[in-house]
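In what follows, a structure is listed as structure tokens, so that the remarks can point back to it.
Computed from the coordinates by the stated procedures, all read-outs in this text should not be read as laboratory data. Predicted model, so just to flag it, every value in this text is computed and none were measured. Virtual Cβ from ideal backbone geometry, glycine too; neighbours counted across all protein chains shown.
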Amino acid sequence: MAIQVASMAHRCVTMALVGGALAPKKSNRQSPFANRCCLVGAASAANNFRPLRGSYKRRDDACRSNFSSEQMPNKTCTHELFRVSTLVTRVMFMERMPITVLVAAVGGQGGQLFSQWLFDAAKIAGFAPAGVGLPGLSQREGATIYYLEFFANPEDTSLFSPFPEKGQVQILIGLELLELLRAVQSGYLSTDGVIVGSTHRVLTADEKLPIKGGFVTEQQALPILHRAARQCIVFDAVKAATFAGLSERAANAILLGALAASEVLPFPPNAFRKAIEHYGVAVNFNLRAFEFGLRYREWSDKLNQLENETMTEWEQIPEPDLPEPVRRKMEALSLDDELASTLKQAARWLCHYQDARYFARYLDCLQAICERDRECSSNLLVTKEVARILALRMAYEDAIRVAQLKTQRQRFERLRQEHRIADDTVYRVVDFFSPDWDELTGLLPVKVTGGKGHGTRATNLQPPVPDPQPLSEVDDLPNLPSQVEELKRPAVQLRLETTSLLGFLTLKALSLLKPLRPYSQRFKSEWEAITEWLSAVDWALREDYELAFLVARSGEMVRGYGRTRRKTLSAWQAFIAFLKALRQRGTPTREIVSLGEQFLELAMSGPQGPEKAWQFAKEQLARMSG
């Protein structure tokens, strides 16, 4: 009695149940794993079978389909015969189940090459491999997926499924952290599966859009991966390549070596070596990376220690030599470890940005907020938030700062390391600039631009005097700058070769204007915005602590330079006006905080965030007025 069995739409298998044993129908069709999206060893029997009713998640479920009592020779023994045939079929299926591997990567990482190595290694190890590649937007950093099955019997390749089944993938390999998480979230991995992958990130467009955060981190992902798999082998393959003295292109070969070292595949290491040699792509380079990955257990702890010791950008800046009065004031404000760490970072950052007197100005502003905060709470949450954001706001990016960063020695050293440029190799660095009218005139002194202000230095500027009623009467929200207005602003297109003598000296001369920054129009306008923010925080501390923390957080909304800074500053002013209007309408403080948090979340959600937040505020005010 022959029974044709198939899984709906994607399972192309023809089997015969003869004497209680399943025997696959042989097929002569088998094609190699090609560079394009094609099936390998997937012999289709589509012309020889009819699809059955139902959908089956497991291969051994196929034996139950379309097996009705009318087909039994004796209806009285239907149940017993069905039970026996099911058990026999399950045993036969388990013996012939392939090793299933899913490779998830990003276009350009070498996912196809990695899959080809696995395919060839399986052949060399005596297995019958079959695979399919779904490259997607492989040349534009799109998601790519490669699925492979390794059969012990070459005749069983006719059972190959061109699509991974949920809960049936035994080994999940990810060349990028987010793609690894996507595969886990899709449910492909079996309960006793193994994960081998790299934790480095290639940020997606959606992750780059939010003003703050918005991207998946290793700390968020690792607990999910460890819960999903029986065994989890993950590390930053790009950092491992750097640790080995190789370029980041070696990441996939290092990951292949770690896979071989884990012994989750029954392939000897020599099979992987021969696979690399057989495919013939950068053989010596990839073999070197593979051998390094093969020693994964030896250097994994050292790599983790190296990651922990990696200095952040502010730590690379030398410790500033602060005057004794400034140091004492800093120590007096270091009320706990968190605040002390923030002040230490701010000291390095602001002294590198301007000088020690500028940092003293920072401490004066923070002290005024801290005194008010200590009257309201003992945890100093508002002070800590202001300390962090104030340092960022005071280190705004103007033309002087850009020139300073473009010409510092660390930048050229980083470029050499990232691009593996030898010390005796001559290279060129070309920078493109597009300053608009405000950025150009911002360098001029206040007296030249006609703006009202002072010509005193930063050391003589007094801390802002808080306005007791910064939220005065308001009739409507201020408008955001329109795109048409921004496009009408004149801008200059500049192209400078920073590695040339003329280009370097031009930027260096611009960076030497740093002592004149406190006299500039840009300094005046930035400090007016900072003063307005600090005054709003001081007022909110008098009203409600949660409201004060919200206003303190709102200072981070203002960021960027040029068009972005003008728009975010206008959005912050709309935020303050929104709070004014809510207060005038007698809205409860808790509701003001809730609506303010929604405004901030929208404003920092991406490039169009300020417009969305402004529209949200208008709708809320219209609803309350109606």
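A few comments on the model shown:
- The slack between R297 and K166, meaning 0.36 nm per residue of separation minus the straight C-alpha distance, is 44.1 nm.
- K208 paired with T449, simple spin-label distance in nm, labels 7 Å along Cα-to-beta-carbon: 3.0 nm
- The calculated FRET efficiency for S341 paired with Q231, based on their beta-carbon distance and R0 = 30 Å, is about 0.25.
- Extension gain (nm, one decimal) between V281 and Y427, 0.36 nm per residue minus Cα-Cα: 49.9 nm
- With a cut-off of 18 Å on the backbone N, the residues of region 401-417 near the modelled label site 7 Å out from T499 along Cα-Cβ are 406-417.
- Separation between Cα centres of region 544-599 and region 198-248, rounded to whole Å: 34 Å
- Cβ-based exposure ranking for S434, S341, in which fewest neighbours within 10 Å come first: S434, S341
- Taking 0.36 nm per residue of sequence separation and removing the Cα-Cα distance, the K488/S377 pair yields an extension gain of 35.1 nm.
- Gyration tensor verdict on region 396-625 (Cα atoms; rounded if a/c is under 1.5, prolate if a/b is larger than b/c, oblate otherwise): prolate
- The order of V386, V430, V326, going from fewest to most other C-beta atoms within 10 Å of their C-beta, is V430, V326, V386.
- Nearby aspartates and glutamates by direct alpha-carbon distance to K488 (threshold 20 angstrom, same-chain neighbours under 8 apart not counted): D436, D438, E439, E611
- Listed pairs K567/K612; K447/K567; K447/K524; K344/K384 exceeding 19 Å between Cα atoms: K447/K567
- Taking 7 Å steps out from each Cα toward its Cβ at R585 and Q410 produces label points 4.7 nm apart.
- Three-way shape call for region 182-254 based on the alpha-carbon gyration tensor, with the a/c threshold at 1.5: oblate
- By the count of neighbouring beta-carbon atoms within 10 Å, fewest first, F272, F504 end up ordered F504, F272.
- Amide H contacts of V234 (H built 1.01 Å from N, under 5 Å, at least 5 apart or other chain): G197
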